[in-house]
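The values are calculated or read from the model by the stated rules, or taken from the named source; none is laboratory data. None of these values were measured; they are calculated from a predicted model. Heads up, the Cβs are rebuilt from the backbone with ideal geometry, glycines too, and the neighbour counts pull from every protein chain shown. What goes into the accessible areas is simple: the full protein's heavy atoms, side chains included, and nothing from ligands, DNA or RNA. Shrake-Rupley method; radii C 1.70, N 1.55, O 1.52, S 1.80 Å.
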Amino acid sequence: MNITEKIDCLIIGSGPAGFTAAIYAARADMKPVLYKGMQPGGQLTTTNEVENFPGYPQGISGPEMMVELETQAKRFDTDVRSGFINKVDFTGPIHKCWTEEGHEIHAQTIIISTGASAKYLGLESEQKYLLNGGGVSACAVCDGFFYRGQEVVIVGAGDSACEEAHYLSKLCTKVTMLVRKDFRASKIMADRVKKTENITILYNTDTEEVLGDGNGVTGARVKNSSTGETAIIPCTGFFVAIGHTPNTDIFKGFIDLDETGYIKYAQPGTSKTNVAGVFVAGDAADKTYRQAITAAGTGCIAALDAERYLAAQEHYL
Ligand code: NDP
């Protein structure tokens, strides 16, 4: 038999947004329960070295940072649980959630921090060099610095790819952009890339394989889909910028999402969603910045908003 649990604050997701929300909520005595989700620690667990999070002058690995954030959240008695929430119902006055094991939770406040997942090409060689700083990355702002003075490749032709290619062009000697057909990005973003001297654009080009020496990336084998010709492009960094998928499927029909699935803020400048008592933090609502520090910042905002909401409620469950 599954016993329904009644709590003040449920946090869904365990990236920097979720753990920061937990630290604030726990210190405000909201006794938060945090479900770690499908990828405990979130996207940072695939990041080898984090050098841009303030407070770590020597840098820290992504997985280590997540352990530290979890330890800090537990220090104030956050109830951190393995497992994930796979169903919600926000139609009534009580916010209901269920774990994958069918455990039912009624929460006064909910902080959604389920994040987003970077899309990858799906090549075996890509996944091989994704881990442990092997040379494949889905975040130029996070990892571009490690390839300064080197040659890199970036896949994609949307606004993100253009922004990241431009960012990389300031650090790297040469950036080769692989565009599978044509640009999808806005004209202004595409034009900026086209005008940048050290960016070479290859149209109608697919990646066949990421090449490496076992320790790191050494190049990419590409194929022109019009001519059938293949070529090898030497590079030490292989960046994938083909979009992200926000992890918001379970909220469809309950929370307002934009056309690409990101959660919409009901009131700009806050973490409020269209459902009273349900707040959002981190990449689940952010397709622009996507940084650990911005996720942590919005986690703080969500916990403060949740605390104020709770304080304003006259009746508890
Ligand atoms: P998009 O979905 O807009 O673009 C994805 C790009 O990746 C397309 O060029 C697509 O090519 C390509 N792609 C997808 N799959 C593959 C594949 N398997 N192999 C090769 N290429 C592939 O994603 P973005 O992340 O760029 O942008 C998401 C949203 O965020 C957009 O609305 C964008 O405007 C917005 N944004 C705005 C910014 C700004 O204004 N500063 C900055 C960043 C994002 P194809 O067209 O052939 O499918």
| request: State whether segment 24-138 is rounded, prolate or oblate according to the following rule on the C-alpha gyration tensor (a ≥ b ≥ c being the square roots of its eigenvalues): a/c under 1.5 gives rounded; otherwise a/b larger than b/c gives prolate, and the remaining case gives oblate. | output: oblate
| query | Tell me, what is the FRET efficiency for N86 and K181 to the nearest 0.05, using R0 = 35 angstrom and their Cβ-Cβ distance as r? | reply | 0.45
| query | When N counts the residues of segment 256-315, how does its alpha-carbon radius of gyration compare numerically with 2.2 N^0.38 Å, as a ratio? | reply | 1.14
| message | How tilted is helix 16-27 with respect to the longest principal axis of the chain? Cα atoms for both, answer in degrees (0 to 90, nearest 10). | response | 20 degrees
| message | Rounding to the nearest 10 and keeping the result within 0 to 90°, find how far the Cα-based axis of helix 159-169 lies from the longest principal axis of the chain. | response | 60 degrees
| query | Measuring from label point to label point, each 7 Å out along Cα→Cβ, what is the D191 to Q150 span in nm? | reply | 3.4 nm
| query | By the gyration tensor of its Cα atoms, with a ≥ b ≥ c the square roots of the eigenvalues, what is the shape of the chain: rounded for a/c under 1.5, prolate for a/b over b/c, or oblate? | reply | prolate
| remark: Per residue, accessible area of segment 120-240 with a 1.4 Å probe, heavy atoms of protein chains only, in Å², comes to 50 Å²
| said: Just to verify a number: FRET efficiency for N274 and R27, C-beta to C-beta distance, R0 = 25 Å, to 0.05? | reply: 0.35
| task | Please go through the residue pairs K36/K119; K128/K223; K6/K272; K170/K264; K128/K287; K181/K223 and name each one whose alpha carbons sit more than 23 Å apart in this structure. | result | K170/K264; K128/K287
| task | With label points built 7 Å along Cα→Cβ from the Cα atoms of I293 and K170, find their separation and express it in nm. | result | 1.4 nm
| field | Convex hull of segment 120-240 built on C-alpha atoms - directionally averaged projected area, nm² | value | 6.7 nm²
| field | Candidates per trypsin sites (Lys or Arg not before Pro) in segment 263-292, loop by DSSP, up to 14 other Cβ within 10 Å | value | K264
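Which order do the peptides 276-284, 6-14, 229-237 take when ranked by the mean count of other beta-carbon atoms within 10 Å per residue, highest first?
Put in order of decreasing packing, that is 276-284, 6-14, 229-237.
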| query | Over segment 120-240, what is the mean sequence separation of C-alpha contacts under 8 Å (at least six apart), divided by residue count, expressed as relative contact order in percent? | reply | 30 percent
| task | Considering only DSSP beta bridges where both residues belong to the chain, give the percentage that are antiparallel (nearest 5). | result | 45 percent
| On the accessible surface of the chain, probed at 1.4 Å, how many percent belong to carbon and sulfur atoms? | 50 percent
| said: Can you compute the modelled spin-label distance between V141 and Y56, with each label point 7 Å from Cα toward Cβ, in nm? | reply: 1.6 nm
